[in-house]
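Here's the structure, in C-alpha cells; my notes come after.
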Amino acid sequence: MAEDSQIKIVNGAAGYVLEDVPHLTDYIPDLATYPNPLQDNPAYSVVKQYFVNVDDTVAEKIVVHKNSPRGIHFRRAGPRQKVYFESGEVHACIVTCGGLCPGLNTVIREIVCGLYNMYGVNKVLGIDGGYKGFYAKNTITLTPKVVDDIHKRGGTILGTSRGGHETSKIVDSIQDRGINQVYVIGGDGTQKGAAVIYEEIRRRGLKVAVAGIPKTIDNDIPVIDKSFGFDTAVEEAQRAINAAHVEAESIENGIGVVKLMGRYSGFIAMYATLASRDVDCCLIPESPFFLEGKGGLFEFIKNRLKENGHMVIVLAEGAGQDLLAKSLQSMNQQDASGNKLLQDVGLWISQKIKDHFTRERKMVINLKYIDPTYMIRAVPSIASDNVYCTLLAHSAVHGAMAGYTGFTVGPVNGRHSYIPFKLRALITSLMGRLLVGSPRAGDFIGQTCPVNDLRITEKQKQVVITDRMWARLLSSTDQPSFICPRVVAESRKNHDEPPTQLLDGDSCKETHE
C-alpha cells in the first residue's frame, strides 16, 4: 500500500526550482513502457519534432532582473517518446463538475478525439452528473461519432452537479469498472476533489492517471494565463452592455446597469468594459467603493448624467458585497461546492440608485437592470476558446499517456504546462537557503516537501488595482478609483511582485504593449 505523496521538488543552479508532477512510477516501480503511437501517426508525419524533451520546463516568471534567481518552473506539456499505457488497455473516463462554462463540450470532444485519433484508444466513458455520477448514475459511451458536433452546443452533454464527492465510493467505482485514466473538468472545488481522488488511488497502488482541466469562467485560477470560456464570456457580455447603452441613451437620465460574473475577481467586468468603450463605470470586488458623500458613486452618477444625459454601469457579482451585507445583515452561506452564496448586488445597487435620486435629489432617472449571467454561461464557445480547449484537452491526454498523474494543465506564459495539484510547502525556505549560498544547489536535488495545500487552488487570481490594466480601465471610463490612498498603499505592499508573471500585472500575452 503506497503512502501519501510528497511534493516533488528539483533544484538547480541559480535558484532554478522545478515543481514536478507525480508519476505512476513514483509508487508503482518497474512499469513497462511502450513506443508512442504518434510516431506512426500519418497526421504527425510532417512534425519536425514529435516529442517534448524530457528536460523541457516552463518558467512561471519570465520578467526578471539581471540578478534574479531563475525561479519556479513547471514540466512542459506535450507528447513523450515513451508511454506507460498500451492503446488497447486504456479505459478512460471524463467527468464535468460545478457550474456551466462555454467550452465544456469542446474539451470533452477533444479528449475523446485525442485518445481515439492520436493514441488509438477506443474505450472512453462519460460520467453522468458530476462526481456523484461515479456511484449514482449511468455512464455514457463516448466515441468520436457521439461527440462529433457537441462543440456547437452550450453546456455539457455529460451533465454536471455540485458536491457529491465521496472519495471511497468514487475510487471503488473507478477500480470496479477497470478505469485507468480519469479526466476531471471543473473549477476550484472540483480540482480539490481530483487531488483527493489521486491520493486515494495512490494509496491503493492503482495504475490510474488522474488529470485535471481547470474550469472557471471568472478567469480566477492562479498560475495559468487564462481559463477556457473567458474569451467567450467577454464577447457575449458585449451584447448585454450594448443593450444597456441603447436603453440608457434613448431616454432622459437613462442608466443601464449590467451585472456580470466575478465572485471574487473582476476580470470579465474589466475586459468587457475595456472592449466595449460604452461603459461609464466598472465596479469589481478588488476595488472598494462607497455610495454617498464626496467622491462616492452617487456623486459620480449625478455628474455623468449632467454631462452626458445617460450612463452605463458594469459590475461584477462580487462587487460591493461588504456594503450589501451590512445593509441586509446577511449571514455567510455556502453552496454545495463550498462557494459563498452572494446576494444580488445588481438589484440592490439599482434600488439604492433609484431611492437616492428620487428621495434626496428629486431627480427623475430611468434605470434598466440587465443580468445576462445564465445566458453567457450557456452559450457555445467562440473560435478562440475552441482552439484553446483543444490544446488543453490534448495536453491532458499526452500527460496521462506518459504516466503523469495528480496534475492539471494550463498555459504558463504562453506555454502549456503540467502543474501539480499540490502546493509547494518549503520552496520559500529552500530558495532562501540557495540565494544566501549556504549549501550547494545540488544538495537539494530530488528532495520532497510535505503536503500543505493545492497548487492550482491556493487562492483566486485577482485584478491588481495598482497595475496598468486597471489604470487603463480608469482612463477609458474616466471614473474615479473610489479608494483612499491608504488602500492603494496596502495593495502595493501586498503585490510587490505581480500576481501574474508579466510586467506590471499584464495577465495575458495579448495585452503586451
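Per-structure values
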| item | result |
| --- | --- |
| Subset of the stretch 277-307 [surrounded by fewer than 21 Cβ atoms within 10 Å (Cβ to Cβ), part of a helix (DSSP H, G or I) and in contact with a Leu (Cβ under 8 Å, 6 or more places away or on another chain)] | F298 |
| Selection from the stretch 343-354 of residues that are touching a helix residue (DSSP H, G or I) at 6+ places or on another chain (Cβ under 6 Å) and farther than 15 Å from L260 by Cβ | Q343, W348 |
| Residues being in contact with a helix residue (DSSP H, G or I) (Cβ under 8 Å, 6 or more places away or on another chain), assigned to a helix (DSSP H, G or I) and surrounded by fewer than 20 Cβ atoms within 10 Å (Cβ to Cβ) - total across the stretch 355-389 | 3 |
| Yes/no for L274 being in contact with a Leu (Cβ under 7 Å, 6 or more places away or on another chain), aliphatic (A, V, I, L, M) and open to solvent by 10 Å² or more (accessible area, probe 1.4 Å) | yes |
| Strands (runs of 3 or more DSSP E) within the stretch 1-117 that include 1 or more residues open to solvent by 20 Å² or more (accessible area, probe 1.4 Å) and not aliphatic (A, V, I, L, M) | 7-11, 16-20, 57-59, 71-76 |
| Extreme residue, nearest to T25 (Cα to Cα), among residues of the stretch 181-212 that are among the charged types (D, E, K, R) and at pLDDT below 95 | K192 |
| N105 over 13 Å from A400 (Cβ atoms), out of contact with any helix residue (DSSP H, G or I) (no Cβ under 6 Å at 6 or more places or on another chain) and of a type outside the set (S, T, Y) | no |
| Options T190, T160; residue that is among the hydroxyl-bearing types (S, T, Y), touching a Cys at 6+ places or on another chain (Cβ under 8 Å), more than 14 Å from C93 (Cβ to Cβ) and open to solvent by less than 20 Å² (accessible area, probe 1.4 Å) | T190 |
| Residue match in the stretch 184-203 (condition: within 30 Å of G346 (Cβ to Cβ), among the hydroxyl-bearing types (S, T, Y) and in a loop (DSSP other than H, G, I, E, B)) | no |
| Among the candidates T106, T143, residue that is farther than 18 Å from Q181 by Cβ, modelled with pLDDT of 95 or more and β-branched (V, I, T) | T106 |
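Quick grid of which residues meet (1) over 30 Å from the mean Cα position of the chain (by Cα); (2) polar (S, T, N, Q); (3) closer than 30 Å to R204 by Cβ:
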{"residue": "D30", "(1), (2), (3)": "yes, no, yes"}
{"residue": "Q39", "(1), (2), (3)": "yes, yes, no"}
{"residue": "F51", "(1), (2), (3)": "no, no, no"}
{"residue": "T57", "(1), (2), (3)": "no, yes, no"}
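Per-residue answers, yes or no, for (1) open to solvent by less than 10 Å² (accessible area, probe 1.4 Å); (2) in contact with a strand residue (DSSP E or B) (Cβ under 9 Å, 6 or more places away or on another chain); (3) hydroxyl-bearing (S, T, Y):
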site: T156; (1), (2), (3): no, yes, yes
site: Q175; (1), (2), (3): no, no, no
site: V182; (1), (2), (3): yes, yes, no
site: I221; (1), (2), (3): no, yes, no
site: S227; (1), (2), (3): yes, yes, yes
site: Q238; (1), (2), (3): no, no, no
site: I241; (1), (2), (3): yes, yes, no
site: A244; (1), (2), (3): yes, yes, no
site: A248; (1), (2), (3): yes, yes, no
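The values are calculated or read from the model by the stated rules, or taken from the named source; none is laboratory data. None of these values were measured; they are calculated from a predicted model. As a convention, Cβ positions derive from the backbone with ideal geometry for all residues, glycine included, and neighbour counts pool all protein chains shown. Ligands, DNA and RNA are stripped out before the accessible areas are found, and what is left, the full protein with its side chains, is counted by its heavy atoms. Shrake-Rupley method; radii C 1.70, N 1.55, O 1.52, S 1.80 Å.
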